[in-house]
Protein chains: 2
Amino acid sequence: MKVNVIKNVLQANDIIAAKNRKVFKEAGLLGINIISSPGSGKTTLLEKTIPTLMPEQKSIVLVGDLETTRDADRVAPYAEEVVQINTGMSCHLYANQIAESLTELELNKADFLFIENVGNMVCPGEFDLGENVKVILLSIPEGDDKVAKYPTIFRAADMVLLTKIDLLGVLNFDLDRVMEDLRKLNENVPVIKMSSLAGEGMEEWLGWLKEQRNKSIGNQAKFITPE
Amino acid sequence: MKVNVIKNVLQANDIIAAKNRKVFKEAGLLGINIISSPGSGKTTLLEKTIPTLMPEQKSIVLVGDLETTRDADRVAPYAEEVVQINTGMSCHLYANQIAESLTELELNKADFLFIENVGNMVCPGEFDLGENVKVILLSIPEGDDKVAKYPTIFRAADMVLLTKIDLLGVLNFDLDRVMEDLRKLNENVPVIKMSSLAGEGMEEWLGWLKEQRNKSIGNQAKFITPE
């Protein structure tokens, strides 16, 4: 009986997610679902990514958190629009929370819609939000066993960012083991070694984002810089 | 309707949790539910704690993970008995998974029953397993905003361990901010600054564990060292 309940919730979610995906496409937005444990650096990544994309490309951010607006406050100075979604007791965002947020936004204002999911390696992987790509962050301090231990999310990844890579020398972390585990789950997923604070990997990450947007939306620029 | 389903699941869980708690008491075991994000150091804590308690006090360990037996394998050399519970897609352990495991164990063999929950800061806080105490780990690399962002779990904590404290000088982490946020949620919860690898905080942690067991079970020794 429990399984049926979960299935129905998932089915209802998927129907709404498909609608969100259509809205993104019509608005010329790439939807990016950013997933990781708490403290892997999702918000710092956005703080560094969004201003570097500007002024040619602009971003909207939806932030999921149990409580507080701390992450939304951090990205607010850079994004065109920010919505904080407080999930209360829920460990992930639902597609309908995204759908509700979309009605309040001027979607034509931006090229990228970043969704910072609730910090969690399990639940967010099971709920499609309508995104075009799932980006998974794994930070060096979390340890080199995490890919094997949280396979669902790494199987679903379109991009894996190894964050806080500057700590590789400070902490025990077997990079080869992580890559080996990852290749078993998701053979061709791209991996970028990043340090948002040091700027490492940023260029490659921005290149990938633009390429994904071109694939989904086409490469016409939405904002023409005034001559 | 969704809320009703969740309530029923929670109620059913709580009934089984109460039974588990009774079984622990009768067997003279302190039940410890260990909760944190992935990579905060739950398994390392157990690897260091269990041998230090021995030979006077012995431990059984139940480990929750989506897949793999990696954590169970790591504690197996030290514990009297270890059960790996694979949760599949579930982000937390349920009381009935604990109840099933208990039937397979010789509970009289041990003083402490450590339950290493699935790495997650949200879901495990909502499901009572029958434990006597909830121990929450927060590692320095996760960042100093996590107490405010995951209040449910910190509100429920009987002990907070600040792990990987040796990284305090290496990373930006405002300890005062964390303590201030924590005091708002849980005024009297004890906090220990720990480094399992460097041994810092270990004595205080072991003292607290023994004190909790005495409070719950009474202080008679289960194992008398042969004279």
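The values are calculated or read from the model by the stated rules, or taken from the named source; none is laboratory data. Remember, it's a predicted structure, so these values are computed and weren't measured experimentally. Heads up, the Cβs are rebuilt from the backbone with ideal geometry, glycines too, and the neighbour counts pull from every protein chain shown.
Could you count how many residues in the range B:106-129 are acidic (Asp, Glu) and farther than 17 Å from B:Asn20 by Cα? Quick ask: steps written out before the conclusion?
First, pick out the residues of the range B:106-129 that are acidic (Asp, Glu): B:106, B:111, B:116, B:126, B:128.
Filter again for farther than 17 Å from B:Asn20 by Cα, leaving none.
Here the count works out to 0.
Among the numbered conditions (1) under 30 Å from B:Ala148 (Cα atoms); (2) surrounded by 14 or more Cβ atoms within 10 Å (Cβ to Cβ); (3) more than 17 Å from the chain's Cα centre (by Cα), the only one that A:Met89 does not meet is (2).
Please specify each residue of the range B:186-217 satisfying the condition of being among the small types (Gly, Ala, Ser) and either touching a residue at least 60 places away in the same chain (Cβ under 8 Å) or surrounded by fewer than 17 Cβ atoms within 10 Å (Cβ to Cβ) (or both).
Our first condition is that a residue be among the small types (Gly, Ala, Ser); within the range B:186-217, this holds for B:195-196, B:198-199, B:201, B:207, B:216.
Correct list: B:Ser196, B:Ala198, B:Gly199, B:Gly207, B:Ser216.
Answer yes or no: is there a residue in the range B:53-70 that is modelled with pLDDT of 95 or more and part of a helix (DSSP H, G or I). Yes, the range B:53-70 contains a residue that is modelled with pLDDT of 95 or more and part of a helix (DSSP H, G or I).
Pick from A:Gly169, A:Gly143: which is at positive phi and out of contact with any strand residue (DSSP E or B) (no Cβ under 7 Å at 6 or more places or on another chain)?
On the way: A:Gly169 fails: at positive phi.
It is A:Gly143.
Considering each residue of the range A:81-100, count those that are of a type in the set (Asp, Glu) and either farther than 19 Å from A:Lys58 by Cα or at pLDDT 95 or above (or both), and give that number. Outline the logic, then answer.
Filtering the range A:81-100 down to residues of a type in the set (Asp, Glu) leaves A:81, A:100.
Okay, now just the ones that are also either farther than 19 Å from A:Lys58 by Cα or at pLDDT 95 or above (or both), so A:100.
Residues flagged as of a type in the set (Asp, Glu) and either farther than 19 Å from A:Lys58 by Cα or at pLDDT 95 or above (or both) within the range A:81-100 amount to 1.
Can you tell me which residue is farthest from A:Trp208 (Cα to Cα) among those in the range A:115-135 that are touching a helix residue (DSSP H, G or I) at 6+ places or on another chain (Cβ under 6 Å) and crowded, with 24+ Cβ neighbours inside 10 Å?
Quick first cut of the range A:115-135, residues touching a helix residue (DSSP H, G or I) at 6+ places or on another chain (Cβ under 6 Å) only: A:116-117, A:121, A:125, A:127-130, A:132-133.
Checking which are crowded, with 24+ Cβ neighbours inside 10 Å leaves us with A:116-117, A:121, A:125, A:129-130.
On the way: A:Glu116: 18, A:Asn117: 20, A:Met121: 23, A:Gly125: 21, A:Leu129: 21, A:Gly130: 19 Å.
Here the answer is A:Met121.
For the structure I just gave you, tell me whether A:Ile32 is at pLDDT 95 or above, assigned to a strand (DSSP E or B) and more than 14 Å from chain B (Cβ to nearest Cβ). Give the derivation first.
Details: at pLDDT 95 or above: yes; assigned to a strand (DSSP E or B): yes; more than 14 Å from chain B (Cβ to nearest Cβ): yes.
Considered against the rule, which asks whether it is at pLDDT 95 or above, assigned to a strand (DSSP E or B) and more than 14 Å from chain B (Cβ to nearest Cβ), A:Ile32 comes out as yes.
Counting only residues that are in contact with a Ser or Thr (Cβ under 7 Å, 6 or more places away or on another chain) and of a type in the set (A, V, I, L, M), how many does the range A:69-91 have? Adding up the residues that qualify gives 5. Filtered by the rule that a residue be more than 23 Å from B:Gly143 (Cα to Cα), surrounded by fewer than 19 Cβ atoms within 10 Å (Cβ to Cβ) and touching a helix residue (DSSP H, G or I) at 6+ places or on another chain (Cβ under 6 Å), the range A:152-185 gives A:Thr152, A:Arg155, A:Ala156, A:Leu185. Of A:Ala148, A:Ala110, all but one fail to be closer than 19 Å to B:Ser40 by Cα and either surrounded by fewer than 22 Cβ atoms within 10 Å (Cβ to Cβ) or touching a Gly at 6+ places or on another chain (Cβ under 9 Å) (or both); the exception is A:Ala148.
Out of all the residues in the range B:127-147, is one or more within 13 Å of another protein chain (Cβ to nearest Cβ), hydroxyl-bearing (Ser, Thr, Tyr) and farther than 18 Å from A:Leu66 by Cα? Spell out the reasoning first.
Our first condition is that a residue be within 13 Å of another protein chain (Cβ to nearest Cβ); within the range B:127-147, this holds for B:127, B:136-147.
Remaining after also requiring hydroxyl-bearing (Ser, Thr, Tyr): B:139.
Now drop any that are not farther than 18 Å from A:Leu66 by Cα, which leaves B:139.
Yes, there is a match, as at least one residue in the range B:127-147 is within 13 Å of another protein chain (Cβ to nearest Cβ), hydroxyl-bearing (Ser, Thr, Tyr) and farther than 18 Å from A:Leu66 by Cα.
Does B:Ile16 count as part of a strand (DSSP E or B), buried (at least 16 other Cβ atoms within 10 Å of the Cβ) and either touching a helix residue (DSSP H, G or I) at 6+ places or on another chain (Cβ under 9 Å) or at pLDDT 95 or above (or both)? No, not satisfied. Scanning the range A:47-78 for residues that are closer than 18 Å to A:Met202 by Cα and small (Gly, Ala, Ser) returns a single hit, A:Ser59.
Taking B:Leu45, is it within 14 Å of chain A (Cβ to nearest Cβ) and surrounded by fewer than 21 Cβ atoms within 10 Å (Cβ to Cβ)? So B:Leu45 fails the test. Scanning the range B:81-120 for residues being within 14 Å of chain A (Cβ to nearest Cβ) and of a type in the set (Val, Ile, Thr) gives a total of 3. Considering B:Glu81, B:Glu56, B:Glu67, the condition of being over 17 Å from the mean Cα position of the chain (by Cα) and farther than 16 Å from A:Lys149 by Cβ is satisfied by B:Glu56 alone.
I'm checking my understanding of the structure. Among residues of the range B:48-72 that are among the polar types (S, T, N, Q) and more than 11 Å from chain A (Cβ to nearest Cβ), which one is farthest from B:Lys164 (Cα to Cα)? Steps first, answer last, please.
If we filter the range B:48-72 for residues that are among the polar types (S, T, N, Q), which is where we start, we get B:49, B:52, B:57, B:59, B:68-69.
So of that shortlist, the ones also more than 11 Å from chain A (Cβ to nearest Cβ) come out as B:49, B:52, B:57, B:59.
Details: B:Thr49: 15, B:Thr52: 19, B:Gln57: 26, B:Ser59: 23 Å.
Per the criteria, the residue is B:Gln57.
Which residue, of A:Leu161, A:Leu171, A:Leu167, A:Leu175, is within 27 Å of A:Lys48 (Cα to Cα), without any contact (Cβ under 8 Å) to a residue 60 or more places away in the chain and either more than 12 Å from chain B (Cβ to nearest Cβ) or of a type in the set (Ser, Thr, Tyr) (or both)? Give the derivation first.
Numbers: A:Leu161 fails: without any contact (Cβ under 8 Å) to a residue 60 or more places away in the chain; A:Leu171 fails: either more than 12 Å from chain B (Cβ to nearest Cβ) or of a type in the set (Ser, Thr, Tyr) (or both); A:Leu167 fails: either more than 12 Å from chain B (Cβ to nearest Cβ) or of a type in the set (Ser, Thr, Tyr) (or both).
Within the list A:Leu161, A:Leu171, A:Leu167, A:Leu175, the selection yields A:Leu175.
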